Amino acid sequence: MEIKLNNETIKAINILESHGYLAYVVGGYIRDLILNVEPHDVDLLTDATLEEVRFIFSDYKIVDYKKNSLTLGVIIDGRYLEISTFDGKNLEEDLANRDFTINAIAYSKTDGIIDPYGGINDINDKIIKTINDPIISLCKSPIRIIRAIYFSIIKEFKIDKELKDVILTRTDLLSNINPARYKKFLDVVMLSKKPSLIIEEYFEVFCYIFPHLKNTYKFNQNSKFHNLDVFEHTMKVLDFSSPNLILRYAAFFHDIEKPSCYKIDEFNDVHYYNHNILSAEYSSIKLKEFNYSKEFILRVYNLVLYHDIILDKNPIILKKFLNDFGTYDLDLFFELKKCNILGQNQILYNRLNELDEIKELTLNLSKDK
């Protein structure tokens, strides 16, 4: 198999080897080349210490990582490369410490491809496996739970059954992860073609990340307008919504606090008073944990807060709504309203035509503001 390296990577390898050090290209760069995908990240491995790497690349910009890291960033001719020193005594030990077999493949100019753990076979079989026993691997680095699902989505791979079983039964390991590290993973989930498939398949993981989600599962809404439980309804609304990250999050959170607001009045009618307020507040709390921007959080909050508002074609009511909600994100608001109807009993689908009329009136009124 021919491996074509970019010029900056070749230059870095030549610099390391000219100083008498070993140099290997490892991880995602090799994996993506095997998959015939254009690689973006460049990871080099060497037997040089980080101080030796710093010295021999002193003519280039160096990017330091956190304390006790085994990696330095080096910018060569505008390209960013990561250069790591062995995590182990030699190459094979280093590769054994990596997350998955598909990322434990190396390449050198002299030895070509080095694949001690069958990563190429697993790439060809489109399967994600840990190198060691899954429980040992995930206990060592719990972020691998998230990375496994992430790779399964973006590469369209399946997760090995033994690994998947550990992922679903040891979600407690996620307590060791900073929630800000979920952001990239959650973006991929929310923007996928059908997010419900991923959320349902890894329900235990998402219930750990979003603890209040568990309460929606099999929660009967006891309403003629809803033929689905809260979780099923939420997943349907989520799937109907277009792949806009703000809209998808609003769809995900819009009814998440319904179970906590369940009330039966004296006429035996069911109500969910203030579920929009509590759901909006919960969205704000969680998105802040994931390190989304203040603007992003506010936009999701606003959509969730107003998703259940009752509107009609009365201009006075619509003007008041515009004054409260604002004119920004009106398209997302009305799409969320539409998806919410589509996620309810089909007897309500006649509301869609009226919603279109209300939307047109509202957008026209917004032009005057």
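Taking one quarter of the surface of the convex hull spanned by the alpha-carbon atoms of segment 41-84 gives a direction-averaged projected area of 2.9 nm².
Can you list which of the chymotrypsin sites (Phe, Trp or Tyr not before Pro) found in segment 295-369 are DSSP loop residues with at most 13 other C-beta atoms within 10 Å?
Within segment 295-369, the qualifying chymotrypsin sites (Phe, Trp or Tyr not before Pro) (loop, at most 13 other Cβ atoms within 10 Å) are Y328, Y349.
Before anything else, pin down the relative contact order of the chain: Cα pairs under 8 Å, at least 6 apart, normalised by residue count, whole percent.
9 percent
Going by the alpha-carbon gyration tensor, a ≥ b ≥ c the square roots of its eigenvalues, is segment 251-325 rounded (a/c under 1.5) or, if a/c is not under 1.5, prolate (a/b greater than b/c) versus oblate? It is oblate, given that a/c is not under 1.5 and a/b is not larger than b/c. Sorting the segments 44-50, 33-39, 233-239 by their residues' average number of neighbouring beta-carbon atoms within 10 angstrom, most packed first, yields 233-239, 44-50, 33-39. Sites listed here are GluC sites (Glu not before Pro) in segment 88-182 whose DSSP assignment is loop and whose Cβ has at most 14 other Cβ atoms within 10 Å: E156. Basic side chains Lys and Arg get +1 at the Cβ, acidic Asp and Glu get -1 at the Cβ, and with that the dipole of segment 83-156 about its Cα centre reaches some 240 debye. Residues with beta-carbon under 12 Å from that of V63, excluding V63: net charge, scoring Lys, Arg +1 and Asp, Glu -1? With Lys, Arg at +1 and Asp, Glu at -1, the neighbours total +1. Straightening the chain between E38 and S175 buys 45.9 nm, computed as 0.36 nm per residue apart minus the Cα-Cα spacing.
Structure shown: which of K11/K155; K218/K258; K288/K319; K236/K288 lie over 20 Å apart, alpha-carbon to alpha-carbon? Kindly include the intermediate steps, with their values, before the conclusion.
Details: K11/K155 29 Å; K218/K258 12 Å; K288/K319 31 Å; K236/K288 25 Å.
Too far apart for the 20 Å limit: K11/K155; K288/K319; K236/K288.
What length, rounded to one decimal in nm, is gained on full extension from C261 through to K194, with 0.36 nm per residue of separation minus their alpha-carbon distance?
Numbers: separation 67, 0.36 × 67 = 24.12 nm, distance 2.82 nm.
Full extension of this stretch gives 21.3 nm more.
Simple point charges give the picture: +1 on the Cβ of Lys and Arg, -1 on the Cβ of Asp and Glu, and for the chain a dipole about the Cα centre of about 800 debye.
Highest mean packing first, where packing is the average number of other Cβ atoms within 10 Å per residue, the peptides 268-279, 20-31 line up as 20-31, 268-279.
Once the other residues with Cβ under 12 Å from the Cβ of I127 are scored (Lys, Arg +1; Asp, Glu -1), what is the net sum?
On the way: positive: K126, K129, K155, K158, K161, K164; negative: D122, D125, E156, D160, E162.
Spelling it out: positives minus negatives among the neighbours equals +1.
Note the full-extension length gain between D59 and S141 as 0.36 nm times their separation in residues minus their Cα-Cα distance, in nm to one decimal. List each step's numbers first, then the result.
Details: separation 82, 0.36 × 82 = 29.52 nm, distance 3.44 nm.
Stretched out fully, the D59 to S141 stretch lengthens by 26.1 nm.
Along the positive direction of the dipole of the chain (beta-carbon charges: Lys, Arg +1; Asp, Glu -1; about the Cα centre), which of G20, V42, N90 reaches farthest? Result: V42.
Expressed as a fraction of 2.2 N^0.38 Å, the rule-of-thumb size for a compact globular protein of N residues, what is the C-alpha radius of gyration of segment 189-314?
Numbers: Rg = 14.5 Å, N = 126, 2.2 N^0.38 = 13.8 Å.
In units of the 2.2 N^0.38 Å rule of thumb, it is 1.05.
Exceedance of the 19 Å cut-off in Cα-Cα distance is limited, within the set K126/K184; K193/K359; K184/K214; K129/K193; K214/K286, to K126/K184; K193/K359; K184/K214; K129/K193.
Express the carbon and sulfur contribution to the solvent-accessible surface of segment 269-313 as a percent, rounded to the nearest whole number, probe 1.4 angstrom.
Percent of accessible area from carbon and sulfur atoms in segment 269-313: 54.
Give the calculated FRET efficiency between L363 and Y80 to the nearest 0.05, with a Förster radius of 35 Å applied to their Cβ-Cβ distance.
Values: r = 44 Å, r/R0 = 1.26.
According to the calculation, E is roughly 0.20.
Residues of segment 252-295: accessible area per residue at 1.4 Å, in Å²?
Result: 55 Å² of accessible area for each residue.
Kindly provide the trypsin sites (Lys or Arg not before Pro) of segment 42-131 that DSSP labels as loop, not H, G, I, E or B, and whose Cβ sees at most 13 other Cβ atoms within 10 Å.
Values: sites: R54, K61, K66, K67, R79, K89, R98, K109, K126, K129; in loops: K66, K67, K89, R98, K109, K126, K129.
Counting only loop positions with at most 13 other Cβ atoms within 10 Å, the trypsin sites (Lys or Arg not before Pro) in segment 42-131 are K66, K67, K89, K126.
The values are calculated or read from the model by the stated rules, or taken from the named source; none is laboratory data. Given the structure is predicted, the values throughout are model-derived calculations rather than measurements. We place every Cβ from the backbone using ideal geometry, glycine too, and count neighbours over all the protein chains shown. Please note that ligands, DNA and RNA were not included when accessible areas were found on the heavy atoms of the full protein model with its side chains. Shrake-Rupley method; radii C 1.70, N 1.55, O 1.52, S 1.80 Å.
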